[in-house]
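Since the structure comes first, as structure tokens, the remarks are kept for the end.
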Amino acid sequence: MSNYEAIIGMEVHAQLLTNSKVFCGCDAAVFGAEPNTHVCPVCLGMPGVLPVLNRRTVEQTIMVGLALNCEIAETAVFSRKNYFYPDLPKGYQISMYDFPLCHDGWIEIPDPEGPPGLTRRIGIRRVHLEEETAKSFHAGDHSLVDFNRAGLPLIEIVTEPDIRTAEEARAYLVQLRTILRYLGVSTGDMEKGAMRCEPNVSVRPAGVEAFGTKVEVKNLNSFRAVKQALDYEIARQTQ
């Protein structure tokens, strides 16, 4: 395995702490609430309704961008990300694609393999704002959908492919969650789904510049799960 190196990038989704959802006035305190009680025609995706942007979500996204040393865009554009899941009310997600709010930043993390005080810089490609989906529950031969979560404000934080080991990935996530909590913009409670991680990983022979074929591991909700998934994928792809 020493003849190969891993190339890892990380996508993190974090729910923002606001009183209302990102495009409507529904109460955002949905965790533990009765199903389908924090909903309205906007977050249910009813025909003819129009979103109204929550100013606080933009301010919090920019706060995160500044904390991650990003450039802040003077113009940001929402797009429709079309995909068809039962828990996506409109059949598309309002997100940012070409023009994110924050871009080209970096974060310093402790180097897990270096002496105390040594750090590594991980590039941040983008931080953008989008809306959360609903939540499906599967029971036997049928499924149920709770739309309370639909429309919660969500930020996506995407790194450059600068991470090289599973330990570095874990150190990055610990540092990022610390920043989000310090800013007061997210609880970072992974067991409640407030922070979810999606590592992208490929391997290549040592000394080769070209990337290999990457695998994306979806919706991991603990640091331990991220490390174990990366250890497994790196070993599998190397083999």
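Numbers for the structure displayed
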| item | result |
| --- | --- |
| Total formal charge among the other residues, if their Cβ is under 11 angstrom from that of Phe99, Lys/Arg +1 and Asp/Glu -1 | -1 |
| Dimensions (Å) - region 175-239, Cα atoms, principal axes, largest first | 42, 21, 14 |
| Net charge, Thr159 excluded, C-beta distance under 10 Å - Lys, Arg +1, Asp, Glu -1 | -1 |
| Kirkwood Rh in Å, taken over all unlike Cα pairs in region 88-146 | 15.5 |
| Rounded FRET efficiency, nearest 0.05, which uses the C-beta distance separating Arg204 from Arg56 and R0 of 25 Å | 0.05 |
| 16 Å Cα-Cα reach of Lys135 towards lysines, excluding residues that sit fewer than 8 places from it in its own chain | Lys21, Lys90, Lys192, Lys218 |
| Around Lys218: net Lys/Arg minus Asp/Glu count, Cβ-Cβ under 14 Å | -3 |
| Charge dipole (region 29-98, unit charges on Cβ, about Cα centre) - positive-most of Thr61, Val42, Asn82 | Val42 |
| Kirkwood-Stokes translational diffusion coefficient of region 1-96, alpha-carbon pairs, 4 °C, 1.567 mPa s, µm²/s | 80 |
| Student exercise, the chain dipole from Lys, Arg, Asp, Glu Cβ charges, in Debye to nearest 20 | 240 |
| All Cα pairs of region 119-176, percent lying beyond 18 Å | 56 |
| Debye intensity ratio in log₁₀ form over the Cα atoms of the chain, taken at each q of 0.08, 0.10 Å⁻¹ | -0.33, -0.51 |
| Hits among lysines - C-alpha to C-alpha of Lys214 under 23 Å, sequence gap 8 or more where chains match | Lys81, Lys227 |
| Residue-averaged 222 nm ellipticity for the chain, from DSSP H runs of 4+ at -39500 (n - 2.57), nearest 500 | -6500 deg cm²/dmol |
| Region 62-163 - percent relative contact order, Cα under 8 Å, separation 6 or more | 25 |
| Relative contact order %, region 89-239, counting alpha carbon pairs below 8 Å whose residues are six or more apart | 17 |
| Which of His38, His128, His142 is most accessible, then next, and so on - probe 1.4 Å | His142, His38, His128 |
| Most to least packed among 54-66, 197-209, 78-90 [average Cβ atoms within 10 Å] | 54-66, 197-209, 78-90 |
| Mean separation of Cα contacts under 8 Å (6+ apart) over length of region 1-148, as relative contact order % | 21 |
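The values are calculated or read from the model by the stated rules, or taken from the named source; none is laboratory data. All figures in this text were calculated on a predicted structure; none of them were measured in a lab. Every residue, glycine as well, gets a Cβ built from its backbone with ideal geometry; the counts of neighbours run over all protein chains shown. Only protein heavy atoms, including side chains, enter the accessible area calculation; ligands, DNA and RNA are left aside. Shrake-Rupley method; radii C 1.70, N 1.55, O 1.52, S 1.80 Å.
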